[in-house]
Amino acid sequence: MNLEEKIIDESIQGKPLMVDSKNTAIKTKKMFLESYGCAMNFSDSEIVASILMDNGYSTTLNYEEADIIFVNTCAIRDNAEQKVRNRLNDFKRVKQKNPKALVGVLGCMAERLKSQFLEQEKLVDIVVGPDSYRDLPNLIEEAEDGHKAINVILSKEETYADLTPVRLGTNGVTAYISIMRGCDNMCSFCVVPFTRGRERSRDPESIVAEAKDLVEKGYKEVTLLGQNVDSYLYSGGGLKKETLTEEQKKLATNFAQLLERVALVSPDLRIRFSTSHPKDMGDDVLEVIAKHENICKYIHLPVQSGNSRILEAMNRGYTREWYLNRIAAINKIIPECGISTDIITGFCTETEEEHQDTLSLLREVKYDYAFLFMYNERPKTLAERKFKDDVPDAIKSRRQSEIVAIQRENSAIKTKAGVGKVHKVLIEGFSKKSDDMFMGRNTQNTVIVFPKLNYKKGDYVNVLVTSCTSSTMIGEIVSH
Ligand code: SAH
Ligand code: SF4
Ligand code: F3S
């Protein structure tokens with residue numbers, strides 16, 4: 001992937017997923033399951049697969065032979081929804097061939113549009129929001145009886161903690177573990193609080209058990225997932241975070257403690273996590289990262305804008321100064337930590353001067369990567385109700401390209417700085433270009449490509465980096 005692809009809004013790719021055929025031998029009905037959007041959605045698809053495989057389904061990568069097609073959708077920006085609508089058109093062919101085949105829409109777009117989906121898209125039989133996957137077997141039955149089936153109830157409790165995800169499209173080395181659901185932040189541009197409901201944390205015992213199980217199955221890296229992992233707090237006994245007294249909070253498990261517990265599962269298991277929120281990321285988390293070799297030295301810390309007035313309009317809960325203080329804390333407590341970010345250009349009322357503040361922040365922080373988005377107004381959000389989407393697309397796009405130019409330079413400097421050094425790499429699989437080359441990542445999350453020699457997927461190796469492109473390092477194994 002070249003840098004341009006990496007940093008521009010191309011993160012929403014549809015990906016069909018399936019499990020090893022050995023697990024599917026005795027199943028009868030076939031499901032095709034395709035996921036869009038963020039890692040939380042991909043992780044949810046593994047829960048969906050688990051529920052459906054317990055109900056007699058196997059997976060297929062060919063939607064034309066499927067009895068049921070599920071698309072797990074994203075609503076973050078309009079283009080994410082457009083991709084899904086186009087995809088639904090492709091699925092029409094299946095219904096023409098097999099009128100009994102069912103089409104189900106899952107995830108954030110299902111939650112956002114609810115029954116409207118069934119009205120707008122005649123092809124769709126089932127609509128299910130992110131908290132209702134346990135109801136899928138009933139909903140399928142209803143749809144098989146010829147009724148349209150829908151469940152978009154959001155829950156304050158559901159964490160699917162007791163379900164063992166069925167790993168889809170897996171490389172057998174890296175896996176996601178969902179540690180919380182929903183989001184309580186109400187950033188003014190964001191649809192997620194409406195599609196995923198209230199924030200709730202999953203029982204740490206079940207998270208640690210899942211990590212142990214993955215280690216036993218040979219996995220070497222887990223990524224702990226939540227929209228704001230730093231606000232993770234589990235107190236047990238069905239107690240809700242917002243009702244806890246200060247005393248109860250002290251007894252509860254916070255993110256720093258959870259991270260440490262997962263790190264102690266095995267020194268051979270790498271831990272990553274996403275997403276950190278600048279307003280909640282405390283030094284305690286940074287200290288735990290610094291203390292454990294197996295917690296990766298990489299933090300994705302979305303800034304969104306470098307201007308405090310815009311940050312306030314976005315309802316992000318921090319200022320430019322606060323954010324830069326968090327960056328300084330990372331650099332002090334975890335020297336050589338990889339840092340990446342998300343930036344929105346052209347948020348409502350953003351002036352040229354305020355955009356310049358984002359450029360100066362980029363120059364100051366020198367991110368390893370940045371994911372860039374043009375502001376896209378989403379129905380029902382605070383920004384849609386309060387502000388006018390008044391920055392023309394051409395200006396949003398020009399501002400974005402100015403950010404690209406700076407970020408490209410920063411990424412190149414960061415990647416070059418790794419040349420001549422030895423990096424510990426976890427081998428994830430073959431490189432895209434050649435079966436004689438492996439790819440893996442260093443602790444900072446930079447992709448490194450090298451000749452495979454006699455090593456195998458899942459091995460840790462030390463790679464001397466000898467050259468690089470703008471965002472990938474190239475090298476050779478010197479030891480393990
Ligand atoms: N929970 C994460 C982000 C989830 S969405 C966090 O708070 O950082 C991923 C990214 O999509 C956001 O960081 C933001 O940069 C972008 N995004 C969200 N809503 C958007 C919108 N309406 N228009 C453009 N970009 C948006
Ligand atoms: Fe959206 Fe903000 Fe929650 Fe992230 S923290 S999911 S941007 S509301
Ligand atoms: Fe998209 Fe939902 Fe994730 S809106 S980004 S799939 S939480």
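None of the figures in this text is laboratory data; all of them are computed from the coordinates on show. It should be emphasised that the depicted structure is a prediction, and the values quoted were computed from it without experimental measurement. Here the Cβ is made from the backbone with ideal geometry for all residues, glycine too, and neighbour counts use every protein chain on show.
Miscellaneous remarks
- Rg/Rg_ref, the chain, where Rg_ref = 2.2 N^0.38 Å and atoms are Cα: 0.98
- Amide H contacts under 5 Å for THR349, placed H, 5+ residues apart: ASP390, VAL391
- Point-charge dipole on Cβ atoms (K/R +1, D/E -1) for the chain, about Cα centre, debye to 20: 640 debye
- Segment 422-469: trypsin sites (Lys or Arg not before Pro) falling in loop per DSSP and having at most 15 other Cβ within 10 Å: LYS432, LYS433, LYS456
- Cysteines, the chain, no other Cys beta-carbon under 4.7 Å: CYS38, CYS74, CYS108, CYS183, CYS296, CYS337, CYS348, CYS468
- Charge sum, other residues only, whose C-beta stays under 13 Å from GLU157's C-beta, Lys/Arg counted +1 and Asp/Glu -1: +3
- Gyration tensor (alpha-carbon) shape descriptor, segment 422-478, a/c threshold 1.5: rounded
- Restricting the calculation to alpha carbons of segment 174-416 gives Rg and Dmax of 18.8, 54 angstrom.
- Spatial separation of Cα centroids for segment 395-440 and segment 258-295, in angstrom: 23 Å
- Cα-based convex hull volume of segment 10-151 per residue, rounded to whole Å³: 100 Å³
- Among HIS147, HIS355, a tally of other beta-carbon atoms within 10 Å of each Cβ gives an order, fewest to most, of HIS147, HIS355.
- Here the Karplus curve 6.51 cos²θ - 1.76 cosθ + 1.60, taken at θ = phi - 60°, turns the phi angles of segment 87-100 into couplings of 5, 4, 4, 4, 6, 4, 3, 5, 5, 5, 6, 10, x, 7 Hz, with x standing for Gly and Pro.
- The chain - mean residue ellipticity at 222 nm from DSSP helices (-39,500 (n - 2.57) per run, n ≥ 4, rounded to 500): -10500 deg cm²/dmol
- DSSP beta bridges confined to the chain are antiparallel in about 40 percent of cases.
- Here PHE450, PHE194 are placed in order of increasing Cβ neighbour count within 10 Å, fewest first, which gives PHE194, PHE450.
- Segment 422-478: antiparallel DSSP beta bridges as a percent of all, rounded to 5: 85 percent
- Looking at segment 61-155, none of the GluC sites (Glu not before Pro) sits in a DSSP loop with at most 14 other Cβ atoms within 10 Å of its own Cβ.
- Within the shell of other residues whose beta carbon sits under 13 angstrom from the beta carbon of ARG200, the net charge comes to 0, with Lys and Arg scored +1 and Asp and Glu -1.
- For segment 182-199, putting each phi into the Karplus relation 6.51 cos²θ - 1.76 cosθ + 1.60 with θ = phi - 60° gives couplings of x, 7, 9, 7, 6, 4, 5, 8, 9, 8, 4, x, 7, 8, 10, x, 5, 6 Hz, in residue order, rounded to whole numbers and with x for Gly and Pro.
- With coordinates expressed along the principal axes, the C-alpha atoms belonging to segment 263-327 extend over 44, 17, 13 Å, beginning with the largest.
- Tail weight of P(r) past 27 Å, computed on alpha-carbon pairs of segment 87-238, percent: 36 percent
- Phi angles of segment 209-224 translate, via the Karplus equation with coefficients 6.51, -1.76, 1.60 and θ = phi - 60°, into HN-Hα couplings of 4, 5, 5, 4, 4, 5, 4, 4, 8, x, 5, 10, 8, 10, 10, 7 Hz per residue; Gly and Pro are given as x.
- Links that overshoot a 29 Å alpha carbon limit, given the list LYS279/LYS432; LYS220/LYS249; LYS156/LYS249; LYS212/LYS457; LYS156/LYS217: LYS279/LYS432; LYS220/LYS249; LYS156/LYS217
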